[in-house]
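Read the structure below first, then the notes.
The values are calculated or read from the model by the stated rules, or taken from the named source; none is laboratory data. Predicted model, so just to flag it, every value in this text is computed and none were measured. When we count neighbours, we look across all protein chains shown, and the Cβ atoms used for this are built from the backbone with ideal geometry, even at glycine.
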Amino acid sequence: MIKVLIVDDSVFMRTVIRDMLSTDRSIEIVGTATNGIDALEKIRDLTPDLVTLDIEMPKMNGIEVLKELQPHKTRPKILVLSSLTSRDAEMTHEAIRLGADDFMLKPKDIPHVREISEELILKIKHIVSLKRVEKLNRKSGPSSAADRVVLIGSSAGGPPMLDTLLAELPADLPAGVVVTQHMPVGFTASLAERFNRITSLPVDETKNGDFVETGRILLSRAGVHTVISGDIRENGSKTGRIVHTTSPPLHGVRPAVDKTFESAAQVYGKNIVSVILSGMGHDAGAGALAIKQAGGVSLICDEKDCLVYGMARSAIQKNAVDKVLPLRKLAMEIERVIREMEGSHVRI
């Protein structure tokens, strides 16, 4: 049984969250709190396994709660529930830096709040199952241009799957990794911060002009498309380079997975492994086909491991899939295929 404390100053949100979580027998609501002061007292008295934490609250906000909890070695897992505003995006990033375990975005339209029920329950179970890992002290040294690349695309239900997949990629993976996750503007920096805790590879939100480097994960910045172009570094090595574009959304999203996949296919050719995880809509299907036609390898996750199967199905419908694998086997397959690739075939 997972003991949950709900912290939110809105009576409506406390009621809705309680109703959503009460549908799962493995979750017990041990209490609610209306502000940070109330929350700290109930965390001490009720010892919940997880706290859903609002950021903007009177008397003491969510950021101040996290600061109070920081010195404590034993504390509940914290899931920050954030609104879709630029201020909340900044505060969510600060919350992650202060030790919050994950975040989830509240729908901006109140009538749609209950639609996040399944995702919220899955996220809570996922967070509680994760071991708390301190940031690794990675060795800093000269980076090498990536002549092989792993491209990952996901949307709704994707972040918990990315936790699992990225954590299992080896530190010596001889490839660069680019992840494109559909997410509102301002929140991909927080996601990159989270991923840095769970993978042995360094993770950064993309910046315009970034090189694709071996042993580095880049997370596509929300609000722009991540296009990969061919480039030559100062030392003469060939690699991919990130170009941000503000061209119109594709499939209603920006960044679009198709933009990244299709552009990378022109640069890396057969030295690509693409992976499609959970997500609704048709994004990634055309990109997976471009990769397969360029000689790369296209993988998708098994439907039983996905919250939504629209993106993966779009690749299946285009006959653009080489293998369908369970989530837990994807990292091993990625490593196997990447190590078998010859490399050094980047097209300029």
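Just give me the residues in segment 212-233 being in contact with a Phe, Trp or Tyr (Cβ under 8 Å, 6 or more places away or on another chain) and at pLDDT 95 or above, in sequence order. Hits for segment 212-233 are ILE217, LEU219, ALA222, ILE228. Look at segment 115-140: where a residue is assigned to a loop (DSSP other than H, G, I, E, B) and a partner is among the polar types (S, T, N, Q) and modelled with pLDDT of 50 or more, sitting 6+ places away or on another chain with Cβ atoms under 7 Å, you get LYS135/ASN196; LEU136/SER200.
Is it the case that LYS259 is part of a helix (DSSP H, G or I) and under 20 Å from the mean Cα position of the chain (by Cα)? The answer is yes for LYS259. No other residue among GLY223, GLY236 is within 23 Å of the chain's Cα centre (by Cα), on the phi > 0 side of the Ramachandran plot and not β-branched (Val, Ile, Thr) apart from GLY223.
Any residue in segment 100-111 that is among the hydrophobic types (A, V, I, L, M, F, W, C) and assigned to a loop (DSSP other than H, G, I, E, B)? Among the residues of segment 100-111, at least one is among the hydrophobic types (A, V, I, L, M, F, W, C) and assigned to a loop (DSSP other than H, G, I, E, B), which makes the answer yes. When GLY153, GLY176, GLY236, GLY209 are screened for being at pLDDT below 95 and not basic (Lys, Arg), only GLY236 passes.
Scanning segment 222-249 for residues that are outside any loop (DSSP other than H, G, I, E, B), closer than 23 Å to ALA192 by Cα and of a type outside the set (S, T, N, Q) yields HIS225, VAL227, ILE228, GLY240, ARG241, ILE242, VAL243, HIS244.
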